[in-house]
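See structure below.
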C-alpha cells in the first residue's frame, strides 16, 4: 500500500495543519495497520463507508448505502489497530495542537468520545469536505481541500495555551510550567485538557515518543543510548519503559518493523 502525505501550500494552513492524505476504492486489497499515539487532532472524511470503533480498534468497510461521515481522533494512549475490510474513499487531515480550533468554533464541546465515530460540528463541514470526492484529479482535490479549509478559517488566539505548548515542546516539567505561569497544577491541567482533550502528562509522554521517532528517522540519534539522553531520560531502562507503554514493543523491535508515512508511522500487518 502506498499513501502520500501532502503538506498545505497555503502559509495560513501550514501554521495550523500538519498535512493530509487521500485513499480511494480504485483497486487495492483489504489491509490493516497499527498507528501510534500522537498529539495531532485527526479528522477523517469517508464516503459510502461504515466505521466501527472500539477502545483500541477501528474497522472500515464499504457501506451498502450512499452516505458520508466524519470521525475525530484526538486521544489514544496505546497502539490503534486500523482494519480496512475493503478500500474506501477517505480524506484524512492532521491538525496541529489547537489547530482545529481555528476552523471549528467551540471545538471544546466536541472533544468527547462521542465525536470519535461521528464528528459533525456544523452543516457545511461534512458536505463541503465530502464534495471533494467528486473531483477526479488529485491536484484539483488538494486545491479544493485548501479552499474549503480556508473558508472555515477564523483565527482564535490563546496566548496562555501557546505558552504551555511551547514549554512542553521544550520538555519542561509540569511543575516548572505551573511555576513559570503562576497558576496551580490543578488549574493548568484542567485548562489544558479542556482545550486539547488529553492530560498534560499524556501530551508530554507522547511528545517525547514522537521526538524519538524523528531523531531516529533523521539520523540525529544513531543508537538507543543517544536517543535516551536526547530525550532527557535518566537512563535507557526508563526510556524503554515509557516507549513500550506507548507501543507495546521494545524500541529495537519497533524500529525494526516500523514503516514511515512522512509525519506518521505505521506497522503494516
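We did not get these values from a lab; they are worked out from the coordinates using the rules stated. Keep in mind the model is a prediction, meaning the values are calculated, not measured. Positions of Cβ are backbone-derived with ideal geometry, glycine not excepted, and every protein chain shown enters the neighbour counts.
Assorted remarks:
- Angle in degrees between helix 236-247 and the longest Cα principal axis of the chain, rounded to the nearest 10: 20 degrees
- With respect to the chain, whose longest principal axis is taken over its alpha-carbon atoms, helix 200-218 is tilted by about 80°.
- Cβ-derived FRET efficiency at R0 35 Å, residue 180 paired with residue 229, nearest 0.05: 0.90
- Between residue 190 and residue 217, the contour length at 0.36 nm per residue exceeds the Cα-Cα span by 6.3 nm.
- Packing here is the average count of other Cβ atoms within 10 Å per residue, and on that basis the peptides 11-23, 122-134, highest first, run 11-23, 122-134.
- The overall shape of the range 1-120, judged from the alpha-carbon gyration tensor, is prolate: a/c is not under 1.5, and a/b is greater than b/c.
- Tensor-based shape of the chain (alpha-carbon gyration tensor, a/c under 1.5 rounded, otherwise prolate or oblate): oblate
- Using the Cβ-Cβ distance between residue 14 and residue 124 with R0 = 22 Å, the FRET efficiency computed as 1/(1 + (r/R0)^6) comes to roughly 0.45.
- Where labels lie 7 Å past Cα in the beta-carbon direction, separation of residue 25 and residue 162 in nm: 4.5 nm
- FRET efficiency, residue 52 to residue 252 (Cβ-Cβ, R0 30 Å, nearest 0.05): 0.35
- For the peptides 109-117, 33-41, 179-187, the ranking by mean Cβ contacts within 10 Å, running from highest to lowest, is 33-41, 109-117, 179-187.
- Order by protection proxy (mean Cβ within 10 Å, highest first), peptides 200-210, 57-67, 162-172: 200-210, 162-172, 57-67
- Cα long-axis angle, helix 159-169 against the chain (0 to 90 degrees, to the nearest 10): 70 degrees
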